[in-house]
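What follows draws every value from the coordinates through simple rules; no lab data is involved. Here the structure is a predicted model, which means the values were calculated and not measured. Because the Cβ atoms are built from the backbone with ideal geometry, glycine has one as well, and the counts that use them run over all protein chains shown.
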Amino acid sequence: MILSESGQAGAGGTAKPWIDWLTAGAFGMATYQVTLRYSHSPNRTLGTLDWWLACFAVALLLAQRFRGLRFTVPRDVLFLLLALSASIAVSTIASGDILDSLPRLAMYGVLSLVAVATYVEYRDTSRIPLQAYCWAIAMVHVPFVAEVLLWVHHSSLPFYPQGVRVPNFSHVRQFGEAGFLAAVSGCVLMAFSRWWIWLSWSLTCLALAGIMAVGSRGALLSWIICAVLLSRFCPQRLSVATLAFAAFLVSAATVASLHVSGVMPSPNIFFRIQSLGADSGGPGFDSGRLQIWLDSLEVIAAHPLFGLGAEAYRVSGCCDRTLRQSHNFPVQMLMQIGVVGCSLLVMLAWLAVRKLGGLRRTVGLMLGTEENRALAAIIAAYLFYCLIDGLLYHPLPLIHFALFCGLLAAGLRQHMHFTSPVSRPPAHQKP
């Protein structure tokens, strides 16, 4: 991997499976508290959340060091990281509003440490405990989707008279992001679980029903992409495809029938697609995003090299002033750190691929184990979702993204070590 490890293989392995479940459960409870305490006003509470996450990341890294789990950064990687840090510093200074940019910049830095700590924790284990984390993510979403559906049941047209928010979330779009996380986790569990497959299917249906009931098109489409990838690359292809399609049909039929019958009218995805049409006077199927991106490109053209810092969209004063980000990750990054910073990120990514043995070898490692394939499918769906929404801007999906990236990095390192010629016994020796 891009980090050089020290210590013996297996040093980071957990002795008993229940420790993995306990760790995943703790992660689930932590994200539950983050949702409960910070998602109702993520911008105002970002500084406090930064401190909690920083304490967690530092404590975890120190505990790992005490257990003999260490890592070093190669010189070529260190050089690029220092260059990237200098570039981001220039971007932040150029923003003209350093104090406003620092909390989000700190969020990015702290979650990078969380991803590193996750990688170090599992890089030497025999298996990535992906199922445990997916159970935690899917289960903690249940009370939130239940509360939102109850709110929908007691609401009436227009559903958002005081702003587009739902219980525990500052915007209905952020609830869709949380639903996406739960739905893809349930889909992964359908591919892995044997004894609890109907429970995982039910959790997937519940998450999808929440997504459809509030009309989150991006979340639904991104889940479909994840389900298709899992159906294509997981061993239980037919089973996963059948269960995912059934979950989609049951959720859609339930939401639609409740709306049409008048039992629970909702701002559901069918109603929303119809209302977005140009002939109905709506903002269009793109919900105004195309104009936001075009306006953002003008800002990028005006500040091409270093951008305007971590809060570039707000600082620039462009576009839709009711928003704080551009709903497109490449555009967001170009606005924040410019061509220079983005080029350094691409160089770091390419260097990581080279250290894994090249592009073909990296793809082979991603497809080498069931966990790696599932994680690659989740991250691919994540990146698609980032093209039309702010998953890599809002704290809750950023926390999960750091977890998934750390788990995938550990999985790639595990499989690379397992398939390395050095790790295999010579042909004349018995294993």
> Which residue, Ile211, Ile19, Ile379, has the most motion in a Gaussian network model of the chain that connects Cα atoms within less than 10 Å?
Replying inline: Ile19
>> Please compute the contact order of the chain in relative form: average sequence separation of alpha-carbon pairs under 8 Å and at least six residues apart, divided by the residue count, as a percent.
In response: 22 percent
> Where nothing but the Cβ of Lys and Arg (+1) and of Asp and Glu (-1) is charged, how large is the charge dipole of the range 124-281 around its Cα centre, in debye to the nearest 20?
Replying inline: 240 debye
> Using only helices, what value at 222 nm comes out for the chain when you add -39,500 (n - 2.57) per DSSP H run of length 4 or more and divide by the total residues, to the nearest 500 deg cm²/dmol?
Replying inline: -23000 deg cm²/dmol
> Modelled label-to-label distance, Thr72 and Ala253, 7 Å Cα→beta-carbon offset: nm?
Replying inline: 6.1 nm
> What does a probe at Gln274 reach in the range 216-246, counting residues whose amide N is under 18 Å from the point 7 Å along Cα→Cβ?
Replying inline: 216-217
>> What are the membrane-span-like helices in the chain by this rule: whole DSSP H runs, Cα extent along the axis at least 27 Å, mean Kyte-Doolittle hydropathy at least 1.0?
In response: 46-66, 75-94, 98-122, 172-192, 237-261, 329-355
>> Full-extension gain between Leu297 and Arg237, please, as 0.36 nm times their residue separation minus the C-alpha to C-alpha distance.
In response: 17.5 nm
>> Which one, His259, His154, His415, has the greatest fluctuation when you compute a Gaussian network model over the chain with C-alpha springs under 10 angstrom?
In response: His154
> For the range 29-124, what is the charge dipole size about the Cα centre, in debye to the nearest 20, if Lys and Arg each add +1 at the Cβ and Asp and Glu each add -1 at the Cβ?
Replying inline: 260 debye
> Packing-wise, with mean Cβ within 10 Å as the measure, how do 320-330, 121-131 rank, highest first?
Replying inline: 121-131, 320-330
>> Starting from the 7 Å offset along Cα-to-Cβ, what nm value, one decimal, do you get for the label separation of Ile98 and His153?
In response: 5.3 nm
> If each of Phe79 and Val346 carries a label point 7 Å out from its Cα toward its Cβ, how far apart are those two points in nm?
Replying inline: 2.0 nm
>> Can you tell me the length gained on complete extension of the stretch Val260 to Leu290, counting 0.36 nm per residue apart and subtracting the Cα distance?
In response: 7.6 nm
> For Val142 and Phe418 in the same chain, what is the full-extension length gain: residue separation times 0.36 nm, less their Cα-Cα distance, in nm?
Replying inline: 95.6 nm
> Ranked from highest to lowest mean number of other Cβ atoms within 10 Å per residue, what is the order of the peptides 348-354, 175-181?
Replying inline: 175-181, 348-354
> Dipole magnitude of the chain about its Cα centre, charges +1 at Lys/Arg Cβ and -1 at Asp/Glu Cβ only, in debye to the nearest 20?
Replying inline: 1200 debye
> Top mean-square fluctuation among Val152, Val315, Val346, Gaussian network model of the chain, C-alpha springs under 10 Å?
Replying inline: Val346
> Mind ordering 201-208, 232-239 by average Cβ neighbours within 10 Å, highest first?
Replying inline: 201-208, 232-239
